[in-house]
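Written out below as structure tokens is the structure these notes cover.
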Amino acid sequence: MLVRPLVRGVVNKRRNPVEVVLQELPLHLHYICAMQAIIDSIHTLYKKWRSRDVASIDVLPQSGSERRYFRLHEADGNTVIGTYGANVKENETFFYFSEKFYRQGLPVANVYAISDDRLFYLQEDFGDVSLIDRLELEGYTDAVYGLFKKSLETLACLQVRGDEGLDYDRCLTNKEFGKQAIMADLLYFKYYFLDALRKPYDKQQLIDDFEALSNYLTHTEYKYFMFRDFQSRNIMILPVETQNIASLQASVHFIDYQGGMKGAPQYDVASMLWQARANLGDEWKEKLLNDYMAALEKEIGSKINRTIFKSQYNGYVLIRLLQVLGAYGFRGLFERKAHFLTSIPLALTNLKWFINNQNIGIALPEFKKVLDICVEDAIIHQFTPVQADETTPLTVKIKSFSYKNGLPDDSSGHGGGFVFDCRGILNPGRMEEFKSLTGRDKSVIDFLEQQTKMPGFLNSVFDIVDITVEDYLKRNFESLVICFGCTGGQHRSVYAADALARHLRNKFKVKIELTHKEQDIREQKGF
């Protein structure tokens, strides 16, 4: 096997094997030991399943969850996905859903092997290309539309067929997406976005309207298996030549359905068609909704009342839009994560279009008043940053450097600016596997983002720098210099400089001159 143990710790056999005894090891070795313990366990499970060693193991990038994924390469060229999940209950739900759905011919992963402690498992590899990847690569083409349509047709199959005989007591959280779950999403919006605006409204009347909307949406004729997080990033696309399922679902495959429960089918459709990152046009949304309703009618063998179905669909769209605003408010306004703050204007614009063009089929006067407050031009403007254009004189010069070699020169003649010391962040350069890499390499990036305090450090940097950049843009200043230093100018400072450059480009569209002094790299971004 290509991957070899880097550091050995003492494993307590009665506990999770990843809980290696690390107390006597330096802090910078903890990450290596924990990762190596996971790799060893995945390899052991593979060897038990196949009775042979795996050829090599790739560590895959971590997604939004706490699970870790690995691609295992076999000697014959085939691949298998190895997974570590510390949440056994979540794993058990995934195993149950996967086994049942796979036996029904639905396009989910075949789980090949599970460890005795239920923490590690091997599953079918659906590749790296998701539906959102295809959309971003190819654009809004007929072929991509066909994949969205196929995904929704397949969703109808999963919802209806998957519901047959499913034991909802095996769900991870709630058995059903009912009134309580809807109220939770609405209150999330209230507490983390609406209340942060500090605008007056009748709180009791709003809660009464929330209750009325929740009751309206839960009293639906149709309830099947609800995916709960049906978005294009959870739909994998395989090339035709790798297909092994000769059915309607042949080209699309689903992952991350362990959060599913019983609920209204409209929720999943709303999740997919209104995914902010996909940014589907109105015509696509309307056509795809009709495609889905036709597929659902075919699956259940009868016509549905499309007027009522669409009204309740619109209600779930509204729930999803408000849930997203609540998340942006929590992450951006309370946790001060800049990326989420910059996403608020688009979310408000989507909400404004929706409430001006769609009907949810129920009168909610206080709720309507609150939504009108949220989409006022002044509120949208409040969250919309000043942005540069081709006439803007400001150039932000961002530099990484090594403290061993001194601070970079400032040739602008203006002086001032910022110098941020990254040496308080755990140093990847102390680890053998990272020594020859830089802050631009994926493994170093993963380490800094997942195993150090770099994200919090950068959020604070963004807060400070944003104030100055916004002011300089308004005053037509020409230059701002921002430097990041670390011991060797190779890992932490390089990563931090790149991250700030991306942040300022995304938020302010300002011209960037990026210099990595120790690597002799100079890049210009912008007009």
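The values are calculated or read from the model by the stated rules, or taken from the named source; none is laboratory data. If you're wondering where the values come from, they're calculated on a predicted model, not measured in any experiment. Ideal geometry is used to build each Cβ from the backbone, glycine not excepted, and the neighbour counts take in all protein chains shown. For accessibility, only protein heavy atoms count, side chains too; no ligands or nucleic acids. Shrake-Rupley method; radii C 1.70, N 1.55, O 1.52, S 1.80 Å.
Okay, here's what the table says:
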{"read-out": "Proximal aspartates and glutamates relative to Lys149, as straight alpha-carbon distance under 12 Å, when same-chain residues fewer than 8 apart are discounted", "value": "Glu286, Asp291"}
{"read-out": "Hits among lysines - C-alpha to C-alpha of Lys507 under 18 Å, sequence gap 8 or more where chains match", "value": "Lys337, Lys397, Lys474, Lys525"}
{"read-out": "Computed label-point distance, nm, for sites Lys525 and Thr173 using a 7 Å Cα→Cβ extension", "value": "3.4 nm"}
{"read-out": "Pairs of alpha carbons in the chain whose separation is greater than 43 Å (percent)", "value": "27 percent"}
{"read-out": "Solvent-accessible area per residue, Å², over the chain with all protein chains present [probe radius 1.4 Å]", "value": "46 Å²"}
{"read-out": "Rounded Å value of the spacing that divides the Cα centres of the range 111-174 and the range 345-368", "value": "30 Å"}
{"read-out": "Rounded FRET efficiency, nearest 0.05, which uses the C-beta distance separating Leu346 from Asp163 and R0 of 41 Å", "value": "0.75"}
{"read-out": "Among the listed pairs Lys175/Lys453; Lys175/Lys442; Lys89/Lys352; Lys199/Lys453; Lys179/Lys352, those beyond 29 Å (Cα-Cα)", "value": "Lys175/Lys453; Lys175/Lys442; Lys89/Lys352; Lys199/Lys453"}
{"read-out": "For the chain, share of DSSP beta bridges that run antiparallel, in % to the nearest 5", "value": "60 percent"}
{"read-out": "Leu197/Arg71 FRET efficiency (R0 56 Å; Cβ-Cβ; nearest 0.05)", "value": "0.80"}
{"read-out": "Vicinal HN-Hα couplings computed from phi for the range 263-270 (Karplus, 6.51 cos²θ - 1.76 cosθ + 1.60; Hz; Gly/Pro x)", "value": "x, 6, x, 4, 4, 5, 5, 4"}
{"read-out": "Centre separation in Å (Cα based) which lies between the range 489-527 and the range 287-335", "value": "40 Å"}
{"read-out": "Computed helical MRE - 222 nm, the chain, DSSP H runs ≥ 4 contributing -39500 (n - 2.57), nearest 500", "value": "-14500 deg cm²/dmol"}
{"read-out": "Burial order of peptide ranges 497-503, 201-207 (average beta-carbon count within 10 Å, highest first)", "value": "497-503, 201-207"}
{"read-out": "Sparsely packed trypsin sites (Lys or Arg not before Pro) within the range 47-132, loop by DSSP, other Cβ within 10 Å at most 11", "value": "Arg52"}
{"read-out": "Residues whose placed amide H lies under 5 Å from that of Ser56, excluding near-sequence neighbours", "value": "Leu2, His73"}
{"read-out": "The range 441-503 - percent of accessible surface contributed by carbon and sulfur, probe 1.4 Å", "value": "49 percent"}
{"read-out": "Debye intensity ratio I(q)/I(0), log10, the range 123-253, q values 0.09 Å⁻¹ (C-alpha model)", "value": "-0.43"}
{"read-out": "Extension gain (nm, one decimal) between Arg103 and Glu335, 0.36 nm per residue minus Cα-Cα", "value": "79.2 nm"}
{"read-out": "Partners for Lys48 among lysines (Cα-Cα distance below 21 Å; same-chain residues under 8 apart left out)", "value": "Lys13"}
{"read-out": "Length-normalised contact order of the range 282-398 in % [C-alpha pairs under 8 Å, at least 6 apart]", "value": "22 percent"}
{"read-out": "Projected label distance in nm at Asp446 and Asp421, using a 7 Å step from Cα toward the beta-carbon", "value": "3.2 nm"}
{"read-out": "Residue-wise HN-Hα coupling along the range 127-132, computed from phi with Karplus coefficients 6.51, -1.76, 1.60 (Hz; x: Gly, Pro)", "value": "x, 10, 9, 9, 4, 5"}
{"read-out": "Under the Karplus curve 6.51 cos²θ - 1.76 cosθ + 1.60, θ = phi - 60°, whole-Hz ³J(HN,Hα) for the range 136-150, x wherever Gly or Pro sits", "value": "6, 7, 9, x, 8, 8, 4, 5, 5, 4, x, 6, 5, 4, 4"}
{"read-out": "Taking the range 425-508 and dividing mean pair separation by its residue count, relative contact order in percent (alpha carbons under 8 Å, at least six apart)", "value": "38 percent"}
{"read-out": "Fully extended contour minus Cα-Cα distance, from Asn357 to Gln205, at 0.36 nm per residue", "value": "52.3 nm"}
{"read-out": "Protection proxy ranking, peptides 162-171, 178-187, average beta carbon neighbours within 10 Å, highest first", "value": "178-187, 162-171"}
{"read-out": "Relative contact order [Cα under 8 Å, 6+ residues apart], the chain, whole percent", "value": "12 percent"}
{"read-out": "Carbon/sulfur fraction of accessible area - the range 330-420, other protein chains in place, 1.4 Å, %", "value": "50 percent"}
